[in-house]
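Right, one structure below, let's go through it.
What follows is calculated from the coordinates using simple rules that are stated; it is not laboratory data. Treat the numbers as computed from the prediction; the structure is a model and nothing was measured. Every residue, glycine as well, gets a Cβ built from its backbone with ideal geometry; the counts of neighbours run over all protein chains shown.
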Amino acid sequence: MDNNQDFKMNLLITASYYVWWFFLGNFYFALLNLPLMVLILGLGTGILVSPSVWFIALCCIPLGPSITSLMGAMGKVVVDKDVHLTKQLFKTYKNSFKQSTIIWSVMLAILTTLYVDAAYFSAKGNVLAYLFYIVLVYVLVLSLYSLSIISGFYLKTSKIVGVAFGYSFTHFKVTMINVLTLIAAAYIFTSFTSYSVLFLSSIFCYCLMHNNQPILKDIKERLENAA
């Protein structure tokens, strides 16, 4: 009986830690994405009506370093089952800010262009729209691969996307799981409330880092063997 009670108590304590880490991660994510928060608030209250796609993209630029830093913190939770979240998150944010911003900004420009093209062909009823949407999803997955790599390793900026591109095919199962994770997140975002992007961000990054562990472990082993 005592062992059963101890197990339940340990389970409750562990769950409370995870709830706290997810809550704190969501708070910092929202704090680091004030432009996006203002945009969502403006759209929700009707103050902003039909902003341009490129304006929305501009507001999304801070997503790059903030997702990277949250991935860094959630990666520690996945691997170590423990983390000093505030310290780890802002350490990753500081160390990866320049690199993650550069790569994300380029990817964001590509994503926005693909979306504009897809919307154009979709409005005309052209089947090419589906092709653009498929490429858009792949580029988004490639972006998240790149940011997860940046969150844990230092590689030259010119090599990161290439490494991510290679792993997206050699670890195709992981890629498909990430696609399903993106679809689930998109469903929640569109079906419930746009504010969900700010409150489910920690769980989303946790899932991605959990999915990407085979890739991240392989990179770590390769770097150790090369040293």
(message) Averaging the inverse of every distinct alpha carbon separation and then flipping it gives the Kirkwood radius. What is it for the chain, in angstrom units?
(response) 18.8 Å
(request) Can you bin the stretch 64-135 into rounded, prolate or oblate? Criterion: square roots of the alpha carbon gyration tensor eigenvalues sorted a ≥ b ≥ c, rounded for a/c under 1.5, prolate for a/b above b/c, oblate for the rest. (result) prolate
(request) Kindly express, to the nearest 10 degrees and within the range 0 to 90, the angle between helix 128-152's C-alpha long axis and the longest C-alpha principal axis of the chain. (result) 30 degrees
(request) Taking 7 Å along the Cα-to-C-beta vector as the label spot, tell me the Ile47-Asn95 distance in nanometres, rounded to one decimal. (result) 3.7 nm
(message) Beyond a 32 Å Cα-Cα separation, which of these cross-linked pairs lie in this structure: Lys87/Lys156; Lys98/Lys217; Lys94/Lys159; Lys8/Lys220; Lys8/Lys173?
(response) Lys8/Lys220; Lys8/Lys173
(request) First measure r as the distance between the Cβ atoms of Lys124 and Lys87, then evaluate 1/(1 + (r/R0)^6) with R0 = 45 Å and state the FRET efficiency to the nearest 0.05. (result) 0.30
(request) Please determine, in degrees from 0 to 90 and to the nearest 10, the orientation of helix 201-211 with respect to the longest principal axis defined by the Cα atoms of the chain, where the helix direction is its Cα long axis. (result) 80 degrees
(request) Provide the net charge surrounding Pro65, with neighbours chosen by a C-beta distance below 11 Å and charges set as Lys +1, Arg +1, Asp -1, Glu -1. (result) +2
(message) Show me the ranking of peptides 200-207, 111-118, 10-17 by mean Cβ neighbours inside 10 Å, starting with the highest.
(response) 200-207, 111-118, 10-17
